[in-house]
Amino acid sequence: MATSTRTGRTSSFSRNSSSFSPASSSPLHQQQNPGIKLGPNASAFVSSGIPDLDRILGGGFLLGTLVMIMEDSDAPHHLLLLRNFMSQGIVHRQPLLFASPSKEPRAFLGTLPSPLSSSSSSSSKDEKQEEKGLRIAWQYKKYLEQPAIDPHSKDVKQEFSNDFDLRKPLERHLLGAKNIECVTMQDSSSLAVIRDHCSNFLTKLPRNDGSNVGRIAIQSLCAPQCGYTEMDWDMVSFIRSLRAMVRSSNAVAVITFPTSLLPPSFSKRWQHLADTLLSVGSIPDEDKDLAKLLTGYQDMVGLLHVHKVAQINSQVPVILEATTFSLKLHRRRSLVIERLNQAPVDGSSGTSYGTAGSCSKSSSVDF
Amino acid sequence: MNSPSNLLDDALGPIPGPVILVEDRVETSGAFVLHHLLKRSLAADAGGAVVFLALAQTFSHYDRIMRKMGYNLSAQRENKKVLFLDMMKLEYPSEHKDGLIGLYAKIQSAIESRSSKENITIMIDDISLLEIAARGSADDVLDFMHYCVALTSELGCSLVILNHEDIYPSGEEPPPTLHSNLEYLADVVVKTEPLLTGLAVDVHGQLTIIRKVVLNEKGYSASKISNFHFKVKENGVEYFHPGSQR
């Protein structure tokens, strides 16, 4: 409505309105492309595939940035993040380039999780919430269910981020899509091959074309299987050029790497090159002290640290309230990321205070 | 200018002249010091010009940041006050020495073509990326740096370099690296570090500024060290002494 009046006017505002057209038509834009969310400072986000992580990072992974995940040698939690990232892209029909040190990288696609079906869990959750909020007479319930039958929402889920069911593999017909490319890093003795793959992939996704968003996922870049030994400078140079290429295109790249295999100074160089830097960690089994300290210790599968959050077009760093989060599986299905919650100190087990303060017998003065 | 003087400007002392080295860490980016110096060297009363070697970020990134600080970088580029060299995709296929020599020639010709060679600042965003582009050949980068430093003494321009402190091996007796060489060359070293207590919303980190002052001709020199906290905002940075913030 507003645009029609604006086009009729030939004032000095005309150029402005054209340059702001993506913003002013944002609802329409988002309808066309649910995979993109516009953010502050002329940035755009794509979902990481984990709604909680999107929230923590302020909207998701910034378009045109490089996300790096530091692996833990004891646990493969980085694969959880990588799988959800890839699945989200496939669900949104976005082009995907996957590089892996394994011989058959396409086999990894078979392990990708499928979005939680709307009938089973997400809609029932919504209904529950609605019921909680509204509490209406039961005979009106049939009206509530109507939006769920809406063909649009059932056929293709047009949401920015989905919850994924880790137990259910992604449907086959989605994996056969033409725009999914898999590369193994085992055959090539130099990084030039994978670099060319990336640059070919990214040239199809120019920055100003807002319709198409691509994802690059690189698993365990410096793993020994790749055979990139004594190629520290080549690897860091590859990351640098990948970063530059991604910056000028409509894509996000995620690289996971085992820090323990890199010399410390190179590990730091890699971390500097990352726009968003995350690390995953395992939690020791049956660590009694930790179990006492944190609530929900039994449900935790691992830890996620957020070291750096990408910031484009602004000099202000993103300071999070917490940098360590727990990775949990909700009903053994979907990945949930929560802040660590300290367990309340049990009053009955406060005997340690008494023994510690043995010099002063008046234990009641305990703060 | 937002304020007549702030702690950073006081600590840096008058420019032009010196070679300023900014060192940061993974936890706290030192890019804001660069933005501040960029704005300062372009300031109207100084009438300066800047040659900007961007290896870390794109022009639009800097343009938007400077715009929030009240400065139009695009207009300055059109006025030829800013020469922006986008080096993000710089690669040296085989004989990489030519690449750096070519780069130096570009800078030199840009500076010599200016009528007044005063108040020109050469800024290098992230020299560690230049090291990466040269495939770890620190000697080549050092040669390049020596040329640039020679330019500053010949033509009276100044040099601002950003580097990372934590990417070089440290210890009792670390081997000579690009880092130690740069620290030796620099007249002023600005270090950004996170607080020991971790990240905070009110204090983003601390700055340590080491200014090497030569007192007299006998070569008797001393360095002046100042230390304070900072908080980065969109339109500038707040500097304050530890504990003095309201």
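A short reminder: the numbers here are calculations on the coordinates, not readings from a lab. As the structure is a computational prediction, the values presented were derived from the model and not from experiment. All Cβ positions, even for glycine, are placed from backbone atoms using ideal geometry, and neighbour counts span all protein chains on display.
Miscellaneous remarks
- For residue A:71, the residues whose amide H sits under 5 Å from its own are A:257, A:259, ignoring neighbours fewer than 5 places away on the same chain, with H placed 1.01 Å from N.
- Order by protection proxy (mean Cβ within 10 Å, highest first), peptides A:97-110, A:168-181: A:97-110, A:168-181
- The label-point distance for residue A:322 and residue A:103, in a model that sets each label 7 Å from Cα toward Cβ, rounds to 4.4 nm.
- Amide H to amide H, with H built 1.01 Å from N, residue A:114 comes under 5 Å of A:165, A:168, A:170, counting only residues 5 or more places away or on other chains.
- The phi torsions of segment A:293-307, fed into the Karplus equation with coefficients 6.51, -1.76 and 1.60 and a -60° offset, translate into couplings of 6, 10, 7, x, 5, 5, 7, 6, 9, x, 10, 10, 10, 9, 8 Hz, rounded to whole numbers, with Gly and Pro shown as x.
- Entries in A:204/A:308; B:191/B:231; A:268/B:39; B:39/B:80; A:37/A:308 that, when Cα-Cα distance is taken, lie over 18 Å: A:204/A:308; A:268/B:39; A:37/A:308
- Shielding of peptide B:124-135 by partners, expressed as the average count of other chain Cβ atoms within 10 Å per residue Cβ, is 4.
- Residue-wise HN-Hα couplings along segment B:31-41, as the Karplus relation 6.51 cos²θ - 1.76 cosθ + 1.60 with θ = phi - 60° gives them from phi, are 4, 5, 5, 5, 4, 4, 5, 4, 5, 5, 6 Hz; Gly and Pro carry x.
- Sequence-distant residues sharing a close amide H with residue B:120 (under 5 Å, placed H): B:49, B:158
- Look at the stretch A:311-323: the mean tally of other chain Cβ atoms within 10 Å of its residues' Cβ atoms is 6.
- Sorted on the mean count of surrounding Cβ atoms within 10 Å across their residues, most packed first, peptides A:76-84, B:65-73 read A:76-84, B:65-73.
- Annotation: the residues A:299, A:232, A:74, sorted from fewest to most other C-beta atoms within 10 Å of their own C-beta, follow the order A:74, A:299, A:232.
- Each other residue within a Cβ distance under 13 Å of residue A:253 adds +1 if Lys or Arg and -1 if Asp or Glu, for a net charge of +4.
- Over chain B: helical MRE at 222 nm, DSSP H runs n ≥ 4 each giving -39500 (n - 2.57), nearest 500: -10000 deg cm²/dmol
- For the pair residue B:67 and residue B:212, label points projected 7 Å from Cα toward Cβ lie 4.0 nm apart.
- Tensor-based shape of chain B (alpha-carbon gyration tensor, a/c under 1.5 rounded, otherwise prolate or oblate): rounded
- The HN-Hα couplings worked out from phi for segment B:154-162 by the Karplus form 6.51 cos²θ - 1.76 cosθ + 1.60 (θ = phi - 60°) are 6, 9, x, 9, 10, 9, 10, 10, 9 Hz, whole numbers, x standing for Gly and Pro.
- Partner shielding of B:168-174 amounts to 1, given as the average count of beta-carbon atoms from other chains within 10 Å of each residue beta-carbon.
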